[in-house]
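Quick note: the coordinates plus some simple rules give every number you see, no bench work behind them. These numbers come from a predicted model, not from an experiment. Backbone-built Cβ (ideal geometry, glycine too); neighbour counts: all protein chains shown.
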Amino acid sequence: MMFKDYLRRDMRLVLLRTLAEMPGYKGNSSVLANLLTEFGHVVSRDQVKTELGWLEEQGLVTIESIGSVRVATLSERGQDVADGRAVVDGVAKPRAA
């Protein structure tokens with residue numbers, strides 16, 4: 001696996017785990033981009049929107065567009081992946097605490 005693939009898989013897990021901690025399991029692409037930076041990922045808002053789109057294709061989130069902002073809501077399957085109860089190829093597995 002190339003390093004960029006590792007980063008992408010980790011970014012997707014961070015997005016899911018972040019949504020799992022947000023009120024209503026919901027967050028917008030702008031806030032999520034800022035939070036990813038806090039976790040060491042240097043990403044553009046466009047990259048965040050692309051990754052959210054991928055997560056939606058996998059059934060891990062649902063997305064609502066409000067102007068140029070995307071609002072993602074964690075799905076039940078997304079919660080299972082964030083918690084390590086389910087595995088999706090392309091998303092890093094969480095480590096035991």
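Filtering the stretch 55-74 to residues that are more than 15 Å from Ala33 (Cβ to Cβ) and surrounded by fewer than 24 Cβ atoms within 10 Å (Cβ to Cβ) leaves Glu56, Glu57, Gln58, Gly59, Thr62, Glu64, Ser65, Ile66, Gly67, Thr73. In the stretch 67-79, the residues that are touching a residue at least 12 places away in the same chain (Cβ under 8 Å) and closer than 16 Å to Ser29 by Cβ reach residues that are of a type in the set (D, E, K, R) and not in a helix (DSSP H, G or I) with C-beta atoms within less than 8 angstrom, at least six apart or across chains, in these pairs: Arg70/Glu64; Val71/Lys26; Val71/Glu64; Ala72/Lys26; Thr73/Lys26; Thr73/Glu64; Leu74/Lys26.
Selection of first residues in the stretch 13-28 that are among the basic types (Lys, Arg) and of second residues that are in a strand (DSSP E or B) and surrounded by fewer than 19 Cβ atoms within 10 Å (Cβ to Cβ), restricted to Cβ pairs under 6 Å at least 6 apart or on distinct chains, gives the following pairs, ordered by first then second residue: Lys26/Thr73.
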